[in-house]
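Written out below as structure tokens is the structure these notes cover.
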Amino acid sequence: MKHKLLVAAAFSLGMASASVFAQSQVDVSDAWARGTVPGQTSSAVYMTLQAHQATTLLSVSTPAAANAEVHEMKLEGTVMKMRALPKGLPLEANKPVALKPGSYHIMLTDLKGPLKTGDTVPVTLKFETADHKTSEQLVKATVRDLTAGAPAGGGMAGMAHGAHSQ
């Protein structure tokens with residue numbers, strides 16, 4: 001009997017901690033990276049994020065590149081501008097945020113090697129909740145063809161990284 005009570009208590013505690021953990025998680029779906037051509041030194045990673053509570057994507061890192069940043073592309077007048085988000089990307093609770101070509105994305109610069117179709121790129125996402133708790137989540141982005149997701153007119157594929165504004 002004592003054993004059953006201990007098992008039940010441990011199970012209850014485990015469920016409670018799993019519940020707390022689930023509340024701080026961010027669901028990640030459809031993570032992919034744009035493939036590169038020989039000599040290309042930058043690329044981007046895309047995915048959809050959905051936080052269970054108000055959270056900020058603070059930063060990103062990957063062994064595939066010397067630099068990885070959360071970026072935004074947006075049309076200002078007639079000029080498409082790209083800029084880093086030094087304070088991160090806010091994620092509202094239960095509202096999907098798409099990181100996609102021509103919008104929010106993870107910019108990789110100084111690639112350590114080519115990104116070949118079919119390979120995976122490990123990306124570590126660092127999050128902070130409204131109550132200042134931080135967590136990290138490893139995501140494996142599948143490399144897609146260089147033209148995957150490219151908007152009509154070239155989009156980011158036609159924009160030199162040096163063309164972004166700070």
**Selection from 42, 93, 61, by position along the positive dipole direction of segment 26-131 (Cβ)** = 42
**Request:** With a probe of 1.4 Å, find how much accessible area segment 26-131 has per residue, and write the answer as a whole number in Å².
**Result:** 47 Å²
**Message:** If you roll a 1.4 angstrom probe over the protein chains with everything in place, what fraction of the accessible area of segment 26-131 belongs to carbon and sulfur, to the nearest %?
**Reply:** 50 percent
**Item:** Set of aspartates and glutamates near residue 112 by C-alpha distance (under 17 Å), chain-local residues within fewer than 8 positions excluded
**Value:** 69
**Complete:** Quick calc, residue 84 & residue 136: beta-carbon distance into FRET formula, R0 25 Å, rounding 0.05, result 0.80
**Item:** Computed label-point distance, nm, for sites residue 148 and residue 27 using a 7 Å Cα→Cβ extension
**Value:** 2.2 nm
**Prompt:** What ranking do 89-99, 63-73 get when scored by the average of other Cβ atoms within 10 Å per residue, highest first?
**Reply:** 63-73, 89-99
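The values are calculated or read from the model by the stated rules, or taken from the named source; none is laboratory data. Not measured: the values here are computed from a predicted model. As a convention, Cβ positions derive from the backbone with ideal geometry for all residues, glycine included, and neighbour counts pool all protein chains shown. Areas reflect the complete protein model, heavy atoms only, side chains present, ligands, DNA and RNA absent. Shrake-Rupley method; radii C 1.70, N 1.55, O 1.52, S 1.80 Å.
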